[in-house]
Amino acid sequence: MTISKITNMQYKRILLKLSGEILGKSGSKGIDHVELQYYVKEIKKVHDMGVCVSIVVGGGNIHRGSKSLFQLDRTESDHIGVLATVMNGIALRSCLENNGVPAIHMSSVHCTTICDFYKRQEAVKALDSGHVVIITGGLGLPYFTTDTAASLRAIELGAEVMLKATNVDGIYNADPNIDPYATKFEHLTFQDAIEKNLAVLDKTAFVLCQTHQLPLIVFNAASPNALLRVIQGEHIGTIVSDYKKPNIYSVYSK
Ligand code: UDP
């Protein structure tokens, strides 16, 4: 990593939340190789610039605990969801390595023969030695989501910002796929987001970000170079913050 590269970046340490959905083909279950390759290449661009990248991966492309199609206890259904995130993590780590990006996969549930158990100190060490750190398993507990895990890990690992990669170009006041009059928010405070009951992130995650003043950017990761542009400080997507961080204020005022 060279200093000149890293100084061009608005953010030097990020936590990227990759929803499972964007790793799958729309309308079908599982991992889509083309989508996976695309996101790995986007991550590689910022890693090559010297940015410290940790990633929390969801599992919605494989299983969502609350949407089990067969009669299943919610706790057990959530356990399947947790394991789905581990499956995505295996594919993501392997694809990153195949593209020349050193990556470590840690899970919040014990999968000893598959990946490491998440430990903050180990994750920090790996990040500081230039590895992308992939964290799966959510919090390892039912009734939670990987959004909450992402905000917690971002805080623990000292990320300057949490970036939620989605297939919509920000946060809207209604579903833009259904409502033609839906309007996008350029900026929201955490309080706004919580009071408006916005479904883009779960409330626990919003509250954690608010309490610890961790800014959040929701953006469409499917548009080319979107991740790189966000990290360079371009205002795309929706920024959620309380204006207390000067770097976010300057992004917003551009
Ligand atoms: N999950 C859980 N506890 C966690 C994280 C995830 O029980 O801490 C389960 C839950 O069933 C959830 C599924 O894993 O529906 C997939 O995670 P999530 O919905 O957050 O994935 P995403 O929407 O980001 O793809």
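The values are calculated or read from the model by the stated rules, or taken from the named source; none is laboratory data. The structure presented is a predicted model; accordingly, all values stated were derived computationally and were not measured. Heads up, the Cβs are rebuilt from the backbone with ideal geometry, glycines too, and the neighbour counts pull from every protein chain shown. Note: accessible area is taken over every heavy atom of the protein model, side chains too, but ligands, DNA and RNA are not part of it. Shrake-Rupley method; radii C 1.70, N 1.55, O 1.52, S 1.80 Å.
Residues of segment 129-145 include at least one that is part of a strand (DSSP E or B), in contact with a Gly (Cβ under 7 Å, 6 or more places away or on another chain) and away from the ligand (no atom under 11 Å from the Cβ).
Quick one: which of D147, D116 is in contact with an Asp or Glu (Cβ under 6 Å, 6 or more places away or on another chain) and either open to solvent by 10 Å² or more (accessible area, probe 1.4 Å) or among the hydrophobic types (A, V, I, L, M, F, W, C) (or both)?
Values: D116 fails: in contact with an Asp or Glu (Cβ under 6 Å, 6 or more places away or on another chain).
So the residue among D147, D116 that is in contact with an Asp or Glu (Cβ under 6 Å, 6 or more places away or on another chain) and either open to solvent by 10 Å² or more (accessible area, probe 1.4 Å) or among the hydrophobic types (A, V, I, L, M, F, W, C) (or both) is D147.
For segment 150-175, a residue qualifies if it is in a loop (DSSP other than H, G, I, E, B), open to solvent by 20 Å² or more (accessible area, probe 1.4 Å) and away from the ligand (no atom under 16 Å from the Cβ), and the qualifying residues are G158, E160, D169, N173, A174. When segment 134-144 is limited to residues that are out of contact with any strand residue (DSSP E or B) (no Cβ under 7 Å at 6 or more places or on another chain) and on the phi > 0 side of the Ramachandran plot, the one that is surrounded by the fewest Cβ atoms within 10 Å (Cβ to Cβ) turns out to be Y143. Criterion applied to H110, H79 was being outside any strand (DSSP E or B), in contact with a Pro (Cβ under 7 Å, 6 or more places away or on another chain), open to solvent by 30 Å² or more (accessible area, probe 1.4 Å) and not β-branched (V, I, T), and the one residue passing it is H79.
Before we move on, is A222 among the small types (G, A, S), more than 19 Å from A154 (Cβ to Cβ) and at pLDDT 90 or above? Answer is yes for this residue. When I178 is tested against (1) within 18 Å of the chain's Cα centre (by Cα); (2) of a type in the set (V, I, T); (3) open to solvent by 60 Å² or more (accessible area, probe 1.4 Å), exactly one condition is not met: (1). Contact map, segment 119-132: residues that are touching a residue at least 60 places away in the same chain (Cβ under 8 Å) paired with residues that are crowded, with 20+ Cβ neighbours inside 10 Å and part of a helix (DSSP H, G or I), Cβ distance under 7 Å, separation 6+ or inter-chain. Pairs shown: V132/I43; V132/H47; V132/L96.
Take A149 and tell me if it is out of contact with any helix residue (DSSP H, G or I) (no Cβ under 7 Å at 6 or more places or on another chain), in contact (Cβ under 8 Å) with a residue 12 or more places away in the chain and within 26 Å of V207 (Cα to Cα). Answer is yes for this residue. Within segment 27-68, the set of residues being assigned to a loop (DSSP other than H, G, I, E, B), open to solvent by 10 Å² or more (accessible area, probe 1.4 Å) and more than 13 Å from the ligand (Cβ to nearest atom) comprises G27, S28, D32, M49.
Residues K25, K29, K45: which one is at pLDDT 95 or above and among the charged types (D, E, K, R)? Going through K25, K29, K45 in turn, the sole match is K45.
Scanning segment 97-104 finds one or more residues that are open to solvent by less than 10 Å² (accessible area, probe 1.4 Å), within 24 Å of G140 (Cβ to Cβ), more than 15 Å from the ligand (Cβ to nearest atom) and not basic (K, R). A84 meets all of the listed conditions (1) within 19 Å of the chain's Cα centre (by Cα); (2) modelled with pLDDT of 95 or more; (3) farther than 25 Å from E160 by Cα; (4) surrounded by fewer than 19 Cβ atoms within 10 Å (Cβ to Cβ) but one, namely (4).
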